[in-house]
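Comments concern the structure below.
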Amino acid sequence: MDCIFCKIANGEIPSNKVYEDEKILAFHDIAPQTPVHVVIIPKAHIACADEIDDTNCDVVAHIFSKIPLIAKELNLDGYRIINNCKENGGQTVMHLHFHLLGGKKLGEKIA
Ligand code: AMP
Ligand code: ZN
């Protein structure tokens, strides 16, 4: 499958990793929107949040269970987690990912 985040997950495309285990990978976004901007992905391909179901949701819980550790590693004192889902939700890479944003006092809302 021609998926850029699958290629990052399997090492075909390099990334600046901040956390990795057998199920997930976190790496710095190539175009950071905030001083710290990390993308967290499941290694297994899930296209978007709309594709999460009972059979694959464990990895989503796993991602959230590691976010405090990743945030600590990055010295984040408060942060925002964002998921863009499908084209109308602003998703450009069709492999489920969560943006972890921080490193400054963020504005209140995004709309
Ligand atoms: P989204 O718009 O929610 O689909 O987010 C995709 C994100 O992936 C964007 O913030 C891009 O800057 C980021 N991105 C795309 N290609 C790469 C890459 N090769 N390495 C790191 N981040 C990337
Ligand atoms: Zn993929």
**Request:** Can you find, among Cys57, His95, Tyr79, the residue farthest towards the positive end of the dipole of the chain? Put +1 on the C-beta of Lys and Arg, -1 on that of Asp and Glu.
**Result:** Tyr79
**Item:** Calculated FRET efficiency for the pair Lys105/His62, C-beta based, R₀ 25 Å, to 0.05
**Value:** 0.30
**Derived scalar couplings ³J(HN,Hα) [region 22-35; Karplus, 6.51 cos²θ - 1.76 cosθ + 1.60; whole Hz; x for Gly, Pro]** = 5, 10, 9, 9, 10, 8, 5, 5, 5, 10, x, 9, 9, x
**Message:** What aspartates and glutamates does Lys66 reach when the alpha-carbon gap must be under 12 Å and sequence neighbours fewer than 8 apart in one chain are set aside?
**Reply:** Glu20, Asp21
**Asked** Extension gain Asn16-Asp50, at 0.36 nm per residue separation less the Cα-Cα distance, in nm?
**Response** 9.5 nm
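Since every read-out is calculated from the coordinates, none of them should be taken as a lab result. Computed from a predicted structure; not experimentally measured. FYI the Cβ positions are ideal-geometry reconstructions off the backbone, even for glycines, and counts take in every protein chain you see.
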